[in-house]
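Peer 1: Got a structure here, written out as C-alpha cells. Questions coming.
The values are calculated or read from the model by the stated rules, or taken from the named source; none is laboratory data. What you are looking at is a predicted structure, and each value in this text was computed from that prediction instead of being measured. Virtual Cβ from ideal backbone geometry, glycine too; neighbours counted across all protein chains shown. What goes into the accessible areas is simple: the full protein's heavy atoms, side chains included, and nothing from ligands, DNA or RNA. Shrake-Rupley method; radii C 1.70, N 1.55, O 1.52, S 1.80 Å.
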Amino acid sequence: WDNADFSRGVGTTFYQEFSTLNTAKPPFVRDVEAKVRQYLRSSYSAAWTLKITWEKAPVYTARTDTRKTITYQAVLTTDGFRSYILMLYQDGGMQWDYTRLTSTNVLIGYT
C-alpha cells in the first residue's frame, strides 16, 4: 500500500462487491474460495467478497514520472466468522523504482 498518485490522470481504482450468502457464486468467488482452501488446507465458503483493483497506478509523486505503473488487487473475503485477504500483483512484480521512494525498505506483501 505505498503512495500511489492518481493526480495526473494516469491509472484508476475500482471495486466489485460479491454478496453470495444466498445466491449462486460467480467464477471469481469460487476461485477465491479455492485459493483459501489451498493455502489454509481447510474448508471455506465465502458469504461476502470484495475485490479492489488499482490499475496502472503511478508512484507518488506522479509529477516526476508516470511511465512506470503497477496493477495490483486486494481481495477481502469472509464466511461470517473468518476473514481473509489475498494480495495479488501483476506478473513481473513491482514496476516502481523503489530506489527513488522515500523509504527504501520495500517489500511486496505484508508482515
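Peer 1: Checking the structure you have, find out if any residue of segment 9-30 is among the charged types (D, E, K, R), under 15 Å from Gly80 (Cα atoms) and in a helix (DSSP H, G or I).
Peer 2: For segment 9-30, residues among the charged types (D, E, K, R), under 15 Å from Gly80 (Cα atoms) and in a helix (DSSP H, G or I): absent.
Peer 1: Quick one: what pairs do we get from segment 67-96, first residue part of a strand (DSSP E or B), second open to solvent by 60 Å² or more (accessible area, probe 1.4 Å) and among the charged types (D, E, K, R), C-beta under 8 Å, 6+ apart or different chains?
Peer 2: Once the first residue is part of a strand (DSSP E or B) and sits in segment 67-96, its partners that are open to solvent by 60 Å² or more (accessible area, probe 1.4 Å) and among the charged types (D, E, K, R) give Thr69/Lys56; Ile70/Lys56; Thr71/Glu55; Thr71/Lys56.
Peer 1: Sticking with this structure for a sec: Could you list, in sequence order, all residues of segment 1-38 that are aromatic (Phe, Trp, Tyr), without any contact (Cβ under 8 Å) to a residue 24 or more places away in the chain and open to solvent by less than 60 Å² (accessible area, probe 1.4 Å)? First the steps, then the outcome.
Peer 2: Taking segment 1-38 first, the residues aromatic (Phe, Trp, Tyr) are 1, 6, 14-15, 18, 28.
Still in the running and without any contact (Cβ under 8 Å) to a residue 24 or more places away in the chain: 1, 28.
Correct list: Phe28 only.
Peer 1: Continuing with this model, one more query. If the requirement is being at pLDDT below 80, more than 22 Å from Gly9 (Cα to Cα), part of a helix (DSSP H, G or I) and out of contact with any Lys or Arg (no Cβ under 7 Å at 6 or more places or on another chain), which of these qualifies: Thr99, Thr104? Outline the logic, then answer.
Peer 2: Numbers: Thr104 fails: part of a helix (DSSP H, G or I).
Criteria check complete, one pass: Thr99.
Peer 1: Is it the case that Ala74 is surrounded by 11 or more Cβ atoms within 10 Å (Cβ to Cβ), modelled with pLDDT under 90 and within 18 Å of Asp91 (Cα to Cα)?
Peer 2: On the way: surrounded by 11 or more Cβ atoms within 10 Å (Cβ to Cβ): yes; modelled with pLDDT under 90: no; within 18 Å of Asp91 (Cα to Cα): yes.
For Ala74, the condition - surrounded by 11 or more Cβ atoms within 10 Å (Cβ to Cβ), modelled with pLDDT under 90 and within 18 Å of Asp91 (Cα to Cα) - is not met.
Peer 1: If Ala57 satisfies all but one of (1) surrounded by fewer than 18 Cβ atoms within 10 Å (Cβ to Cβ); (2) on the phi < 0 side of the Ramachandran plot; (3) modelled with pLDDT under 90, what's the number of the condition it fails?
Peer 2: Going through (1) surrounded by fewer than 18 Cβ atoms within 10 Å (Cβ to Cβ); (2) on the phi < 0 side of the Ramachandran plot; (3) modelled with pLDDT under 90 one by one, Ala57 breaks only (1).
Peer 1: State all residues of segment 77-96 that are at pLDDT below 90 and not hydrophobic (A, V, I, L, M, F, W, C); if no residue qualifies, say none.
Peer 2: Applying the first criterion (at pLDDT below 90) to segment 77-96 yields 87-96.
Once the filter is applied, which keeps residues that are at pLDDT below 90 and not hydrophobic (A, V, I, L, M, F, W, C), segment 77-96 yields Tyr89, Gln90, Asp91, Gly92, Gly93, Gln95.
Peer 1: With the structure loaded, tell me whether Arg41 is surrounded by fewer than 16 Cβ atoms within 10 Å (Cβ to Cβ), of a type in the set (D, E, K, R), at pLDDT 85 or above and under 14 Å from Asp79 (Cβ atoms) or whether it fails that test.
Peer 2: no
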